Structures are given as structure tokens and as C-alpha cells.
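Presented below is the structure to which this report refers.
The values are calculated or read from the model by the stated rules, or taken from the named source; none is laboratory data. Predicted model only: the values in this text are computed from it and were never measured. Cβ coordinates were reconstructed from backbone atoms using ideal geometry, including for glycine residues, and neighbour counts include every protein chain displayed.
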Amino acid sequence: MNNNLQTILEAAHYAAEKHANQRRKGAAAEPYVNHLIDVARMVSSAISEPDPNLIIAALLHDSVEDAGVTPAELTERFGPDVAGLVMEVTDDKSLPKAERKRLQVQTAPLKSPRAQVIKLADKISNVRSILQSPPADWDYERRKQYFAWAKEVVAALSSPNPQLLAEFDRISRDFPRDA
């Protein structure tokens, strides 16, 4: 068990290094690593059995997409299971944004149950962030569109974690209905 904790902390440190110069888009501009830790915390709280690789993948879920880490680097450093989970939740940034969003909905039910846990925790963290500290240039309509799309992604999951799904539904009810 001690080795698992060591590896989780190694992944947190690695994520912090790789995302060191990134900030959240919200008005508060929190360090991006806060999002990664939030997702990993939710994942660890929602699973019934210890799964260190799932927690590690949650910490690293944006490393390929946003920090230039390669799948080979993840495999070498954290193993093929972690790399595979990260790649399951990674968008192809070479595609236009609208296509990436469409594909998230389309591929959601095809993801493994473990990857769906990360995807759902990520959506919860993003929606919370938009509620608490929306980007300054996001008007009500843009926030509303993001919420609607996030709901589509979550609804498409074939085996969402019940605890995380309940939290997503609760947060969705907090979204203001009128501007």
C-alpha cells in the first residue's frame, strides 16, 4: 500500500510540474493543478475498492491534451493501465472544437467504466468552476450552452458512477435558469 501512495504522490508532483504555468479560465484564475487534484479527490471518494491507477489517471487526465506529455511517457513512468485510462479521456486537439465536443458525447458510452468515472468527475469539476468562477468573457448564454453540453456527455455515459452522477445532478440544479 505504501508503494501505491508513493506513486499517487509522484503522479501529483508530475502533474503539478507539467501544468505549472497553466491557470483555470475562470475569473479567479486558480492554478490548473487544483482542477486535477479535485478530479482525483472525487474519483477516490466515489470508488468502493482502492484503485491507485485510476486515481493516478485522474491526476494526469489532461497531461497529454494540455501539457504535451506523450502516451509513451505515461506508459514508461506510470504503466500501460494509467496511460490507457488517460488516453480514453483525451480529446484529439488536432480536431476543431465543435468536433471534439461532438465526439465526447458520441464516445461517452464506449469508454470503460473506470474512464467514465474520470470523465464524470472532470465534468463535475468544470461545471462547479463555471458556477463559482466563470471566465470573464463567458456570458450567461455561453455558460448555459456549456452546461447543456456537459449534461449531454454525462447522459451518454453507459455506466456512470452513481455517487458522482448524483453530485452532477445536484450541481446542475444550481445553474441559474435566468440571466
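Brief remarks follow.
- The range 58-90, subset at pLDDT 95 or above and not in a helix (DSSP H, G or I), residue surrounded by the fewest Cβ atoms within 10 Å (Cβ to Cβ): T70
- Residue within the range 151-174 that is touching a His at 6+ places or on another chain (Cβ under 9 Å), assigned to a helix (DSSP H, G or I) and charged (D, E, K, R) present: no
- Cβ pairs under 8 Å, 6+ apart, first in the range 18-39 and without any contact (Cβ under 8 Å) to a residue 60 or more places away in the chain, second part of a loop (DSSP other than H, G, I, E, B) and small (G, A, S): K18/G68; R23/A29; V33/A20
- In the range 91-120, residue surrounded by the most Cβ atoms within 10 Å (Cβ to Cβ) [restricted to those that are among the small types (G, A, S) and in contact (Cβ under 8 Å) with a residue 24 or more places away in the chain]: A115
- Residue within the range 121-142 that is assigned to a loop (DSSP other than H, G, I, E, B), surrounded by fewer than 17 Cβ atoms within 10 Å (Cβ to Cβ), hydroxyl-bearing (S, T, Y) and within 15 Å of the chain's Cα centre (by Cα) present: no
- Applying the set (1) outside any helix (DSSP H, G or I); (2) out of contact with any helix residue (DSSP H, G or I) (no Cβ under 7 Å at 6 or more places or on another chain); (3) farther than 19 Å from K119 by Cα to E49 leaves exactly one unmet item: (3).
- Residue list for the range 11-57, restricted to those being small (G, A, S), loosely packed, with under 15 Cβ neighbours inside 10 Å and within 23 Å of K97 (Cβ to Cβ): A27, A29
- Matching option when the condition is under 22 Å from I47 (Cα atoms), surrounded by 14 or more Cβ atoms within 10 Å (Cβ to Cβ) and without any contact (Cβ under 8 Å) to a residue 60 or more places away in the chain, among F147, F175, F168: F168
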